[in-house]
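In what follows, a single structure is set out as structure tokens and then discussed.
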Amino acid sequence: MEIQKVGVVGAGVMGSGIAQAFAVAGYDVIMADIKEEFVAKGLATVQKSLDRMAARDKITAADKDAALARIRTTTTLDPFADRDLMVEAVLEEEELKRTLFRELDVICRGDAILATNTSSISVTKIAAASRRPERVVGMHFFNPVPVMKLVEIIRALQTSDEVCATIDEVSRAIGKTPHTIKDSYGFVVNRVLILMINEAINCLYEGLTEPEEIDAVMRLGANHPMGPLALADLIGLDVVLNIMGTLYDGFDDPKYRPSPLLKQMVDAGYLGRKTGRGFHKYGDA
Ligand code: 3HC
């Protein structure tokens, strides 16, 4: 199946990044969110990222404008009726995603592929909410989407070979490197990465040292581009906690217990970069 028209539901950090990746590669994109202000913020994020790429000669000014012009926005699902591929990037709530997939099932063409960018929820469960489970697949991008090369293709129990092959092809066409993985809570990257971040938070909770030190030793000792606490701030502490919760409940294994400090930070509303404060401070916060 040839993909030409793409729909993205959710204009947050991930959704806008995904819309940008497809638009830069020449695809016709419609990006949706529930409020006009959310889609406007998503478009502004795309604009900023493209400006940054243009300033570093990674894209010409003309290609930047053309990419922006390829993204239309909407606050309803109706315009998705003609899409070949839908990528869902809404909040990490299982029921919200399952409801959305039921709605997309009705609106989208019967042969359209419905992909989810879920970070850890069972794609098999999301697929089961749809009447086309064999055309549901995980397409897991990484933050910041314009920079990160990987797409984890998550093959649900129901996903067809043809759908996995199409997603592999389209991921390469947008300049990503796909790897196909069987569905399981957290897949591979988040199962490993988020557990490491949780352990770094436990080191802080136990008072081993300061946040800056924990980040510095992991940069120097493991050659990570950024320390685990700075990465948690980038991902969002609410998202990190959510993923830990999914791993903990899904595997029913205490090794995935969220750090008490992580819970407290989320309770305090210290969610990382997006709120100006997490394990580090950002902007004027
Ligand atoms: N848009 C466009 N370009 C961007 C960008 C953006 N949003 N963010 C960074 N860049 C570009 C910069 O312009 C720069 O380009 P250059 O190489 O031409 O100079 C390059 O990326 C590197 O950026 P910086 O110089 O600003 O800073 P760093 O060298 O420190 O890199 C980083 C920043 C790419 C974020 C790097 O620190 C990194 O790779 N960190 C780890 C990120 C990571 O692990 N992400 C995965 C999170 S898990 C996830 O997303 C899964 C989800 O389910 C939770």
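Numbers for the structure displayed
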read-out	value
Residues located in the range 110-120, provided they are in contact (Cβ under 8 Å) with a residue 24 or more places away in the chain and either among the hydroxyl-bearing types (Ser, Thr, Tyr) or surrounded by fewer than 24 Cβ atoms within 10 Å (Cβ to Cβ) (or both)	111, 112, 116, 118, 119, 120
Any hit, the range 180-190, residues being away from the ligand (no atom under 16 Å from the Cβ) and without any contact (Cβ under 8 Å) to a residue 60 or more places away in the chain	yes
Test: residue in the range 58-73 that is under 24 Å from residue 168 (Cβ atoms), in contact (Cβ under 8 Å) with a residue 12 or more places away in the chain and in a loop (DSSP other than H, G, I, E, B)	yes
Evaluation of residue 106 against (1) open to solvent by less than 50 Å² (accessible area, probe 1.4 Å); (2) of a type in the set (Val, Ile, Thr); (3) more than 21 Å from the chain's Cα centre (by Cα) (one fails), failing number	(1)
Given (1) farther than 19 Å from residue 148 by Cβ; (2) under 20 Å from the mean Cα position of the chain (by Cα); (3) within 15 Å of the ligand (Cβ to nearest atom), index of the condition residue 30 fails	(3)
Filter result for residue 30 (among the β-branched types (Val, Ile, Thr) and touching a helix residue (DSSP H, G or I) at 6+ places or on another chain (Cβ under 6 Å))	yes
Subset tally (residues that are within 17 Å of the chain's Cα centre (by Cα) and either more than 14 Å from the ligand (Cβ to nearest atom) or surrounded by fewer than 16 Cβ atoms within 10 Å (Cβ to Cβ) (or both)) for the range 191-206	1
Enumeration of residues in the range 77-100 that are part of a helix (DSSP H, G or I) and closer than 17 Å to residue 11 by Cα	78, 79, 80, 96, 97, 100
Some residue of the range 179-186 being surrounded by 16 or more Cβ atoms within 10 Å (Cβ to Cβ) and acidic (Asp, Glu)	yes
Sole exception among (1) closer than 24 Å to residue 4 by Cα; (2) of a type in the set (Val, Ile, Thr); (3) open to solvent by 10 Å² or more (accessible area, probe 1.4 Å) for residue 209, by number	(1)
When residues of the range 18-39 are limited to those that are open to solvent by 60 Å² or more (accessible area, probe 1.4 Å) and assigned to a helix (DSSP H, G or I), the one nearest to residue 171 (Cα to Cα)	24
Selection within the range 244-285 - of a type in the set (Ser, Thr, Tyr), part of a helix (DSSP H, G or I) and in contact with a Lys or Arg (Cβ under 7 Å, 6 or more places away or on another chain)	248
Unique match (being aliphatic (A, V, I, L, M) and within 16 Å of the ligand (Cβ to nearest atom)) among 136, 147, 163	147
Residue in the range 225-246 that is of a type in the set (Val, Ile, Thr), more than 20 Å from residue 188 (Cα to Cα) and within 16 Å of the ligand (Cβ to nearest atom) present	no
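The values are calculated or read from the model by the stated rules, or taken from the named source; none is laboratory data. Note that the structure is a prediction, hence the values are computed from the model and not measured. Cβ coordinates were reconstructed from backbone atoms using ideal geometry, including for glycine residues, and neighbour counts include every protein chain displayed. The protein model used for the area step is the full one, side chains on, heavy atoms only, and it has no ligands, DNA or RNA in it. Shrake-Rupley method; radii C 1.70, N 1.55, O 1.52, S 1.80 Å.
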